[in-house]
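The values are calculated or read from the model by the stated rules, or taken from the named source; none is laboratory data. Since the structure is predicted, the reported quantities are computational estimates derived from the model, not experimental observations.
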Amino acid sequence: MHRVVQLFCAAIILTALTTAPAESQRNGIRLVRDAEIENIIRGYSTPIFNAAGLSAEDVNIHLVRDNRLNAFVAGGQRLFINTGLLMRAEDPNAVIGVIAHEAGHIAGGHLARIQDELRNAELKSILAAVVGIAVGAATGDGAAAGTIIRGRQGAAITDLLKYSRTQESAADAAALKYLDATGQSARGISEFFRLLQADIRLQGGREHPYLSSHPLTNDRISVVDNHVALSRFADAQVPRQQIIDHQMMRAKLIGFMQPLASVLRIFPETNNSVPARYARSTAFYLEGNLAKSIPLIDGLIAQAPKNPYFHELKGQMLFENGRIEQSLGPYRKSVELAPEEPLLRTALARAQIETEDQALLEEASTHLEAAAGREPDMREIWRLTTIVNGRLGRRGEMALAQAQFEILGGEYVAARTLADRAIDQLPVGSPGWLRAQDIRADAQQRINSR
């Protein structure tokens, strides 16, 4: 594929389709995991996905640590949302509007179609090169050959940009339809576009109508505003709990992602609201100032003792400051309050393992098994399960967990070797033995397809 087309492909797939927490890397993108925030986003998105004819359970939502205003879809039904968007959108409707736009891309099959267009562009580029070489050989005019090549390649990229703009307009229209179907105002989309426009102007950028992968932002604002003017849901109220959840999410992200000075500017110590104290408790803890962070989180727990995420945060504060034994109580309480959350169970299991108390390993194993049942693709679960089984002397189960860890990381040769070891050590026909067989077959197939 021509280099220009490669770069365009990366832009379309990774950033341009729309223009805490634990972190991990995925294809160079810094992903953030946080049970509280993920649940809030899932609450925003489920009605939209249903309106789009999508199964909400089949759409994977990922949080990206990136301060830019952006969200995108990639790799099938995968929605990526930047933390910058979540922090800057002061109204839940702005985020919901962006999710609706992305749902339009997924429901419209735009990823598959853009791949077809990219292949067409590649063929045009190749054809331009072949014709240019032929002209150069026949005439001895290298300049003429270069002009032909550049002209055809430019046309291919122009076609791609035009096609992308068409898809973006279709996703905008779909978003408006989904919002009406769920009885929600589309004002949030307009808010997001205005934030985007302000960023473009701040950076000194200028949108070109033919050299952009998106319609002009002004045009998009006009389309949404016209829709709002005619929609009976224009002034639909956001549920009070949704507003509270949004404020808590923003506060948590700002506390985790912004420097302490910025956090205190946004949420000064004179601000005694719950979101402000949440943000400050997080920011002080990240600065290592438990003398300030612990009283703040204790005050929040006293005010809302059934909030599992306050207990989780206190456990995290204590754990990451070496007070592992003390972290077990808050972590256990978070799991007691939200037993279906795999991230909370995994955090508790990690703390139990770190105590090096052999008596806690069976309980840790139980938590990890429950977490794996809900999120089997989380590598950290299998890393910790490997440690637990190793310390308990369960060699077959340890090899199986290692195999699962390696295959999720794309290490297929290692996964096959470990699966073979598990097959040799586990009882024939047992669930673990059967799972090892599946991992081995999967790893072998992936090795063969390279």
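Condition check: in a loop (DSSP other than H, G, I, E, B) and over 29 Å from E287 (Cα atoms). Does G410 satisfy that? Don't jump to the end; show me each part of the working.
Values: in a loop (DSSP other than H, G, I, E, B): yes; over 29 Å from E287 (Cα atoms): yes.
When the stated conditions are applied, G410 passes them.
Results for (1) over 28 Å from the mean Cα position of the chain (by Cα); (2) assigned to a helix (DSSP H, G or I); (3) more than 18 Å from T385 (Cα to Cα); (4) of a type in the set (K, R), shown as yes or no for each residue.
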site	(1), (2), (3), (4)
G429	yes, no, yes, no
I439	no, yes, no, no
A443	no, yes, yes, no
R450	no, no, yes, yes
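Scan G75, G142, G53 and give me the residue that is at pLDDT below 60 and among the small types (G, A, S).
Among G75, G142, G53, only G142 is at pLDDT below 60 and among the small types (G, A, S).
Would you check if Y163 is assigned to a helix (DSSP H, G or I) and modelled with pLDDT of 95 or more? Answer is no for this residue. Kindly establish whether A186 is among the small types (G, A, S), modelled with pLDDT of 90 or more and outside the structural domain of E36 (by TED's automatic domain parsing). Spelling it out, it is not the case that A186 is among the small types (G, A, S), modelled with pLDDT of 90 or more and outside the structural domain of E36 (by TED's automatic domain parsing).
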